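Report on one structure; see the data block that follows.
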Amino acid sequence: TISSSVSLMTFVGEDSQQKTLEQVHEFLKGREELSIQDTQTGMLAAAMLELQPDKQPARDTYQLLCDLLENDSREEMQSLRLNLQASIRRLNLLGNKFDLQATSLDGREIRIDDYAGKFVIVDFFASWCEPCLTDMPHLKEQFAKYQDRGLAVIAISLDTDAQALDKYLQQAELPWPVIHDNAEDPLDRLQMKFGVLHLPTVLLLNKAGAVVSLEARGAELERLTARLFETPTLAEPQATATDEADQATDVEPAQETESLIEPAK
């Protein structure tokens, strides 16, 4: 019954969502030992809640599952716990500075501080991710339209096959730096640092380098860029990172994504 309610969470009102969430939390806390199905039900509830502007209920649900699995000795449950911890890190990006320091494929040192004063799109993608490739022409259009007005893009590839990535980049001719996230230990990769478990994941950073949207793709990207570059505003004090985060996080539901990326065991 709870699983059925969870699957319908995006189609019901806020009160019904809250009631379902309370049932999920009560159920999880009442289990003597969580099964994989129990955990996946909780993760699905959190994923549904991530589609809402307020990310706190999703974060709380991931944290509850993390706490309940802390002392679970089963390997498969600890693998799920790694995903839960990654999801918490991703949600914690919102409103905070995006601490990126890496080297692009063309040898450039990429630091967020070097982009101060610009709005930055950070696109996590892979050459095998069909939704990523479908989104790329649209991202190029937005970049071409607003780059002279202060928009920058950084791409981070999660490809494990360097040759496949190189082949794609040769034909794609992306006009922005590309970082290949291929550290030998998967737990050391940017994917895990920033909690990216599905693709595409597209972030928007404000001029101070803080994350103001976790879902800046498709129609939502157009809405955000139009708001930043097209909406006339009266002269007023410069907005703080918090102000811009508040303005840019009333996002629409995320579009199609590839399935979860399993962390290496």
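Identification of strands (runs of 3 or more DSSP E) wholly contained in segment 97-140 with 2 or more residues that are over 22 Å from E222 (Cα atoms) yields 101-103, 109-111.
When the criteria are applied in full, G107 fails the requirement of being of a type outside the set (K, R), under 16 Å from the mean Cα position of the chain (by Cα) and under 30 Å from L174 (Cβ atoms).
Any residue at all in segment 147-156 that's modelled with pLDDT of 95 or more, of a type outside the set (K, R), farther than 22 Å from R81 by Cα and part of a helix (DSSP H, G or I)? Yes, some residue in segment 147-156 is modelled with pLDDT of 95 or more, of a type outside the set (K, R), farther than 22 Å from R81 by Cα and part of a helix (DSSP H, G or I).
Restricting attention to segment 187-213, which residues are assigned to a loop (DSSP other than H, G, I, E, B), open to solvent by 20 Å² or more (accessible area, probe 1.4 Å) and among the aliphatic types (A, V, I, L, M)?
Taking segment 187-213 first, the residues assigned to a loop (DSSP other than H, G, I, E, B) are 189, 194-200, 206-209.
Applying the additional criterion that residues be open to solvent by 20 Å² or more (accessible area, probe 1.4 Å) yields 189, 198, 207-208.
The one that is assigned to a loop (DSSP other than H, G, I, E, B), open to solvent by 20 Å² or more (accessible area, probe 1.4 Å) and among the aliphatic types (A, V, I, L, M): A208.
Do we have any residue at all in segment 161-180 that's within 21 Å of the chain's Cα centre (by Cα), closer than 29 Å to R59 by Cβ, part of a loop (DSSP other than H, G, I, E, B) and not polar (S, T, N, Q)? There is no residue in segment 161-180 that is within 21 Å of the chain's Cα centre (by Cα), closer than 29 Å to R59 by Cβ, part of a loop (DSSP other than H, G, I, E, B) and not polar (S, T, N, Q). Looking at segment 121-130, is at least one residue without any contact (Cβ under 8 Å) to a residue 60 or more places away in the chain, open to solvent by 60 Å² or more (accessible area, probe 1.4 Å) and within 29 Å of K207 (Cα to Cα)? Looking for residues that are without any contact (Cβ under 8 Å) to a residue 60 or more places away in the chain, open to solvent by 60 Å² or more (accessible area, probe 1.4 Å) and within 29 Å of K207 (Cα to Cα), one finds none in segment 121-130, hence no.
When D54, D72, D15, D60 are checked against the criterion of being more than 30 Å from I179 (Cβ to Cβ) and open to solvent by less than 40 Å² (accessible area, probe 1.4 Å), D72 stands alone in meeting it.
Residues in segment 89-120 that are small (G, A, S) and within 14 Å of K207 (Cα to Cα): G95, A116, G117.
Pairs are defined by a Cβ separation below 8 Å, a sequence spacing of at least 6 or placement on different chains, a first member in segment 187-213 that is aromatic (F, W, Y), and a second member that is open to solvent by 10 Å² or more (accessible area, probe 1.4 Å); the pairs so defined are F194/R89; F194/R90; F194/L93. Where helices (runs of 4 or more DSSP H) fall wholly inside segment 12-90, the ranges with 3 or more residues that are of a type outside the set (A, V, I, L, M) and within 17 Å of L214 (Cα to Cα) are 56-68. For segment 27-43, the criterion of being under 21 Å from G195 (Cβ atoms), out of contact with any strand residue (DSSP E or B) (no Cβ under 7 Å at 6 or more places or on another chain) and open to solvent by 50 Å² or more (accessible area, probe 1.4 Å) is met by at least one residue.
The values are calculated or read from the model by the stated rules, or taken from the named source; none is laboratory data. This one's a predicted model, so the numbers in the text were calculated from it and none came from an experiment. Reconstructed Cβ throughout: ideal geometry from the backbone, glycine too, with neighbour counts over all protein chains shown. For the accessible areas, the whole protein counts, side chains as well, though only heavy atoms, and no ligand, DNA or RNA atoms are used. Shrake-Rupley method; radii C 1.70, N 1.55, O 1.52, S 1.80 Å.
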